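Asks: This structure is in structure tokens; I'll ask about it shortly.
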Amino acid sequence: MANLTFSEKQLIETVFGMSGGYVLNFSNREFEEFMKDVVSYNIYVKYPGLSKAKMLRSYIQDESDVYVGKVIIMLLNYCLLYTSDAADDLIGV
């Protein structure tokens with residue numbers, strides 16, 4: 001179980017745009033591939049039938065700090081590289 005505070009969890013929700021059930025601009029297939037690539041984890045098998053946001057929340061709750069940290073870092077990298085609006089928000093443009 002990742003040791004995150006309420007504020008940290010809220011920041012993750014905001015930065016990755018999770019309020020509507022999404023995670024950034026990932027399609028289901030892209031999110032599945034992302035998780036497999038980053039942590040060798042088939043999130044759709046572990047959490048079937050959930051939205052991407054609910055899967056990520058469950059993953060954060062269930063996994064260790066090391067794995068959750070790696071996913072968060074790689075999501076931030078993805079955000080900076082592939083989502084211009086989110087990148088602008090992160091760097092304050």
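Asks: Considering only Leu75, Tyr41, Leu4, whose Cα is most displaced toward the positive end of the charge dipole of the chain, charges sitting on Cβ of Lys, Arg (+1) and Asp, Glu (-1)?
Replies: Projecting each Cα onto the dipole axis, the largest value belongs to Tyr41.
Asks: Using a/c under 1.5 as the rounded threshold, could you call segment 1-40 rounded, prolate or oblate? The axes a ≥ b ≥ c are square roots of the C-alpha gyration tensor eigenvalues, and prolate needs a/b larger than b/c, oblate otherwise.
Replies: Here segment 1-40 falls in the oblate category.
Asks: Still on this model: Relative contact order for the chain using alpha-carbon pairs under 8 Å, separation at least 6, rounded to a whole percent?
Replies: 34
Asks: Please give the helix 6-15 orientation as an angle from the longest Cα principal axis of the chain, in degrees from 0 to 90, rounded to the nearest 10.
Replies: 70
Asks: If you don't mind, another one. With a probe of 1.4 Å, find how much accessible area the chain has per residue, and write the answer as a whole number in Å².
Replies: On a per-residue basis, 62 Å².
Asks: Another question, if that's okay. Calculate the spin-label point distance for Leu80 paired with Val39, positioning each point 7 Å from the Cα along the beta-carbon direction, and give it in nanometres.
Replies: 2.0
Asks: Sticking with the crude label model, points 7 Å out along Cα→Cβ, report the distance from Lys9 to Lys70 in nm, one decimal please.
Replies: Each label point lies 7 Å from its Cα, and together they span 2.3 nm.
Asks: Leaving out ligands, DNA and RNA, what percent of the accessible area of the chain is carbon and sulfur, probe 1.4 Å?
Replies: The C+S portion of the solvent-accessible surface of the chain is 54 percent.
Asks: Can you compute the helix-only [θ] at 222 nm over the chain? Use -39500 (n - 2.57) per DSSP H run of at least 4 residues, normalise by all residues, nearest 500 deg cm²/dmol.
Replies: Theoretical 222 nm ellipticity from helices: -20000 deg cm²/dmol.
Asks: Report which label in (i) 13.6, 40; (ii) 12.5, 38; (iii) 12.4, 34 holds the value of Rg and Dmax of the Cα atoms in Å derived from the coordinates of this structure.
Replies: (ii)
The values are calculated or read from the model by the stated rules, or taken from the named source; none is laboratory data. Source: prediction; values computed, not measured. Cβ atoms come from the backbone with ideal geometry, glycine included; neighbour counts cover every protein chain shown. Note: areas computed on protein heavy atoms with side chains; ligands, DNA, RNA excluded. Shrake-Rupley method; radii C 1.70, N 1.55, O 1.52, S 1.80 Å.
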